[in-house]
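Participant: My questions will all concern the structure given below.
The values are calculated or read from the model by the stated rules, or taken from the named source; none is laboratory data. Source: prediction; values computed, not measured. Reconstructed Cβ throughout: ideal geometry from the backbone, glycine too, with neighbour counts over all protein chains shown. When the accessible area is computed, the model is the full protein with side chains, heavy atoms only, and any ligands, DNA or RNA have been set aside. Shrake-Rupley method; radii C 1.70, N 1.55, O 1.52, S 1.80 Å.
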Amino acid sequence: MNRAFNRKKDKSWMHTPEALAKHYIPYNVKFLGNTEVEAPKGTEVVKDAVRKLKFQRHIKKSEGQKTPKVELQISIYGVKILDLKTKDVQHNCQLHRISFCADDKTDKRIFTFICKDSESNKHLCYVFDSEKCAEEITLTIGQAFDLAYKKFLESGGKDVETRKQIGTLQKRIQELETENSELKQQLQDLEEQLMIAHVPPAGSICMKPQMCTDVFDMVPFSTVTPLEPVLASNGCPPPPPTTLPPDIRKDLFGAEPFDPFTCGSADFPPDIQSKLDEMQEGFKMGLTLEGTVFSLDPLDSRC
């Protein structure tokens, strides 16, 4: 194994500082996996991890499983491992957590690095297979370390603390996004349950509550509940009831009935009015006139 951090200081790097500081360097490789190791560095530690993961790869290959291809994005902030097709981030190894990086001189396709996991605080060895770029990838990670260390000296250590805070915030954002997606799924399940509960079974008839009416489609009268207008069978509301003052009494033709005793003195000639007055006085006194015929017709000569 060849340790990347033991490069000479005057060795020329392969990339410009701006490429690693402002952007990243991508590499397409095969990912054999990661495994826990006992120490954060050491050649023998890395060799044991490579042998273990190679053996697991042969078993998976015999079962028909292919070694997944990933994209490495190397910058002064760390090494990201992304799915080659979907570009989803599978692992994000921050640079200050990487403690060892090396390529295998006996097998020039293999390179590894050891990183301390942020959640479990365990040291994990990541092993990759690259046909032509194993040594170049190791040198690129070493250059990223050199630039990050220089930036650390220039900032007086503040840059590292800032990256730690950013990493903590990013982790919290991922947790909130996961919690938000779970709550959305629960809300969707509840809405589906409510929709199922309100849907009537097939073939059933939804009956609306109706008021009790008699055979003439009228609501029975009740002295307890006030009368309210009810729609008729044709759907039209009944006309409002017409109420007349009690002092107005008219016949079928709209005329007031004739009352000779309430007529004014100016309605009849004086002779006829005098006879009407006598008749009214006689009725009031209870007199009985036998053999006399009275006529209310003013033209009757017998009066």
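Participant: Once neighbouring chains are kept in place and the probe is 1.4 Å, which whole percent of the accessible area of the stretch 82-189 is contributed by carbon and sulfur?
Facilitator: 49
Participant: Could you work out the relative contact order of the stretch 66-121? I mean the mean sequence separation of Cα pairs under 8 Å and 6+ apart, divided by the number of residues, in percent.
Facilitator: Values: 75 pairs, mean separation 12.2, N = 56.
Relative contact order of the stretch 66-121: 22 percent.
Participant: Please work out whether the stretch 26-160 counts as rounded, prolate or oblate from its C-alpha gyration tensor, where a ≥ b ≥ c are the square roots of the eigenvalues and a/c under 1.5 means rounded, while otherwise a/b larger than b/c means prolate and anything else oblate?
Facilitator: Taking the square roots of the gyration eigenvalues as a ≥ b ≥ c, the stretch 26-160 is prolate.
Participant: Separate question: For a paramagnetic label modelled at 7 Å from the Cα of Gln90 toward its Cβ, which residues of the stretch 36-51 fall within the zone defined by backbone nitrogen distances under 17 Å?
Facilitator: Those under the cut-off are 36, 50.
Participant: With a probe of 1.4 Å, find how much accessible area the stretch 11-109 has per residue, and write the answer as a whole number in Å².
Facilitator: 62
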